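Working notes, beginning with the structure itself.
The values are calculated or read from the model by the stated rules, or taken from the named source; none is laboratory data. Remember, predicted model here, so these are calculated numbers, not experimental data. Cβ placement follows ideal geometry from the backbone for every residue including glycine, while neighbour counts extend to all protein chains displayed.
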Amino acid sequence: MNRGGDIPLVTTIRERCRMCYTCVRECPAKAIRISDGQAEVISQRCIACGNCVRVCSQGAKSVWDSTGDVFRLLVSGEPVAAIIAPSFPAEFSNCTPEQFVSMVRALGFAYVHEVSFGADLVATAYRRLLERDDGKRYIATNCPAIIAFVERYYPEHVDALAPIVSPMIATARVLRKMYKTGVRVVFVGPCIAKKGERLSEHLDGEVDEVLTFLELRQMFEQKNISPDRSKPSDFDGPHGGPGALFPISRGLLQAADIPEDLAEGLVVAADGRAQFVDAVEGFAAGQLEARLLEVLACSGCINGPGVSRKDSLFIRRNNVSKFVRERMKHFDWDQWRADMQRFHDIPLDRTYAPNDQRMPVPTEEKLREILRSLGKNSPQDELNCGACGYDTCREHAIAICNGLAENTMCLPHTILQLRETMEDLAVSRDKLAETREALLHSERLAGMGQLAAGIAHELNNPLGIVLMYAHLLKDERPEDDPLQKDLELIAEQADRCKKIVAGLLHFARQNKVSRTSIDVRDLVTRAVRACPAPENICVEVVHEVKDPMAMLDRDQMLQVLTNLIGNAFAAMPKGGKVTVKTVDTDDQVGFVVSDTGVGIPASIRDKIFEPFFTTKEVGKGTGLGLAVSYGIVKMHRGSISVESNDDPSRGPTGTTFKVMVPRTPSAEDMKPIGSQSMDFLAAVEKRAEEVWHDTSLDR
């Protein structure tokens, strides 16, 4: 029909397409391809029914514009005739038929004719066709979209297409006979498919251009033509009779005086997207015994896609019926019969050719593979919701296989994937926050390590001298000397400084892990033994670990446990209970240290792992225990978390620390953390130990 689809009659304005898939749903030919979420009309498959244009609420479908070509015809100097579809009263109800004709003439058309007369000739041809006693079944061919549909998707039934031209072509042939000197013909109607019919190889040159009613309105606006400025004018003859009913569903049957006898079933009429597809399918399958299948792609031509009016279908039908009734009151039947006789020899035959656009059906195995990719692992998963634009999930899968659709068109599957992605993003966000916090803490630890090593280096020498002379003076003074207490205070505070410096050195030392295979139960036993509990505190050890063996740094993990147990003791000044558990998973082992102490206020829980932060009294803590423990756990590629309640009204108070580390280090775990900074710290640490050793010897 469309010369191989060289001219795309309908195209998509991509920036307006909103991925609603309405056009996919409404396209009876499945001529819409979704690519990167955008709807693309495949011109070779398109039957130009215009359903996609009608249903697109975003105005994303554009129809081939013929107004420029028509304007050029009108100024060419050749006589141009406008042939008007009988559905014009449904579109131009804001003016009288005489005003409408006058407006068309004002554009420059030399003649204005009614296609309804051609419809009368075609109706007569159909009546004669059915009077033949050849038993052959036919599909009416007044609708070019139906012709295109059969040629493309039922090519084996092309010979069932009635060999009769449409009223448009019949009218054009009448004009060719009337105007011997030649005339250019422009059809004006509600149908986009007429543009494709004009381009048919079997009707080449019959009609020069086709305008939709919408395009005609645009031309009126450009030329500033309106009804109130027009002098009434009638159509040029010959005038149409019953053919004026053609645009209404079953109008052909009434014009041809062919009864749609439901009992006899001689004729079956259908219109609209769903009905015409089912009707043609039933005809092709031999399920319809009717001699004539009269089908229209629209609900009558009064509902064509080339109209601009938003009136209901019934109002449009009423406007056409009213025009026909008014005309019949004063209709010259004698002249009509004379005209019908005058043009009875106009050839109304035509031919058709198959244009097979059917796509292969994929194998069941391939189909199941695509369905599985859509999350349809069983028939129960096939919701057939139609959100993708296809009636069933299997149709969608076939379209995907043929390159017409995408997986993302499946709304339930996309929602499920989106939900899973959001959950994954939430987990990633939490991990990212933990990693960021760990990195910030590691940076603080590295900085504090450098500071600790520097402080140790600067303080060890003068501190050693203070200690040495304090002890010398103390030994030289009699025991009853009043200075003894002062010297003891000096020595005591110097010893305290020594412990602080030692803690700083120990903090700076956390730069590497020496892993060996150890039994975590034995590790807990050693830690509990190394931290004798006060008399008012009891310690309970619970082993819930299934596999106690793990690759850990014994000394460092022992330090973590002793720090946590010691902190638990300090949190229970009035006594209580400490529970130490060993736990594990398939790839991790861990320790849980719980106490029934006073709890940690929520306001400071984020600070407890910071170096030098402590809640103990002055002189009783350096604030390095948890910071060192945190660093050790992180170097083991593990995690340390805390849960605490300090409000008795919310339940028993207390704190629980949980440490989880990998059971076996991976290749990634064996890489040093901040190796460059750690190497620097190791060098500083070594030098600090040397200074401390020298100072001790001097003392």
- Query: When you go through 93, 76, 57 one by one, which is the residue that is outside any helix (DSSP H, G or I) and either of a type in the set (D, E, K, R) or not assigned by TED's automatic domain parsing to the domain that holds residue 118 (or both)?
  - Reply: 57
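Please work out which residue is modelled with the highest pLDDT, limiting yourself to the range 648-685 and to residues that are of a type in the set (Asp, Glu) and either surrounded by 11 or more Cβ atoms within 10 Å (Cβ to Cβ) or closer than 18 Å to residue 557 by Cβ (or both).
Looking at residues that are of a type in the set (Asp, Glu) and either surrounded by 11 or more Cβ atoms within 10 Å (Cβ to Cβ) or closer than 18 Å to residue 557 by Cβ (or both), I get 669.
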- Note on the structure: Taking the range 525-582 and keeping only residues that are of a type in the set (S, T, N, Q) and in a strand (DSSP E or B), one is left with 579, 582
- Message: When you scan the range 170-178, do you find a residue that is surrounded by fewer than 24 Cβ atoms within 10 Å (Cβ to Cβ) and touching a Phe, Trp or Tyr at 6+ places or on another chain (Cβ under 6 Å), even just one?
- Response: yes
- Hey, residue 426 in contact (Cβ under 8 Å) with a residue 40 or more places away in the chain and either more than 30 Å from residue 628 (Cβ to Cβ) or not polar (S, T, N, Q) (or both) or not: no
- Quick check, is residue 422 at pLDDT 90 or above, more than 27 Å from residue 27 (Cα to Cα) and either touching a Lys or Arg at 6+ places or on another chain (Cβ under 7 Å) or not assigned by TED's automatic domain parsing to the domain that holds residue 636 (or both)? yes
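Surrounded by fewer than 19 Cβ atoms within 10 Å (Cβ to Cβ) and in the same structural domain as residue 663 (by TED's automatic domain parsing): which single residue out of 560, 541, 524 fits that description?
Numbers: 560 fails: surrounded by fewer than 19 Cβ atoms within 10 Å (Cβ to Cβ); 524 fails: surrounded by fewer than 19 Cβ atoms within 10 Å (Cβ to Cβ).
Checking each option against the conditions leaves just 541.
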- Can you tell me which residues in the range 204-237 are surrounded by fewer than 20 Cβ atoms within 10 Å (Cβ to Cβ), of a type in the set (Ser, Thr, Tyr) and within 47 Å of the chain's Cα centre (by Cα)? 226
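Tell me yes or no: at least one residue of the range 180-193 is assigned to a helix (DSSP H, G or I), more than 17 Å from residue 115 (Cβ to Cβ) and hydrophobic (A, V, I, L, M, F, W, C).
No, the range 180-193 has no match at all.
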- residue 48 passes all but one of the listed conditions (1) more than 19 Å from residue 115 (Cβ to Cβ); (2) touching a residue at least 60 places away in the same chain (Cβ under 8 Å); the exception is number (1)
- Item | Flag if residue 106 is surrounded by fewer than 19 Cβ atoms within 10 Å (Cβ to Cβ) and touching a Ser or Thr at 6+ places or on another chain (Cβ under 8 Å) | yes
- Task: Go through the range 1-16 and give me each residue that's at pLDDT 90 or above and buried (at least 19 other Cβ atoms within 10 Å of the Cβ).
- Result: 9, 10, 12
- Note on the structure: Exception for residue 68 within (1) at pLDDT below 95; (2) part of a helix (DSSP H, G or I); (3) among the small types (Gly, Ala, Ser) falls at (1)
- All conditions in (1) out of contact with any Asp or Glu (no Cβ under 8 Å at 6 or more places or on another chain); (2) over 19 Å from residue 600 (Cβ atoms) are true of residue 537 except (2)
- Message: I'd like to check something: does the range 299-314 contain any residue that is modelled with pLDDT under 90, crowded, with 18+ Cβ neighbours inside 10 Å, at positive phi and not assigned by TED's automatic domain parsing to the domain that holds residue 48?
- Response: yes
- From the list 295, 320, 280, pick out the single residue that is touching a His at 6+ places or on another chain (Cβ under 9 Å) and among the β-branched types (Val, Ile, Thr). 280
- Within the range 595-628, residues within 22 Å of residue 541 (Cβ to Cβ) and modelled with pLDDT under 85 come out as 625, 626
- Message: Which pairs turn up if I take residues in the range 629-643 that are at pLDDT 85 or above and look for partners that are small (Gly, Ala, Ser) and assigned to a helix (DSSP H, G or I) with beta carbon separation below 8 Å, at least 6 apart in sequence or on another chain?
- Response: 640/629
- Message: If residue 68 meets every condition in (1) of a type outside the set (S, T, N, Q); (2) in contact (Cβ under 8 Å) with a residue 12 or more places away in the chain; (3) closer than 30 Å to residue 15 by Cα apart from one, which number is that one?
- Response: (2)
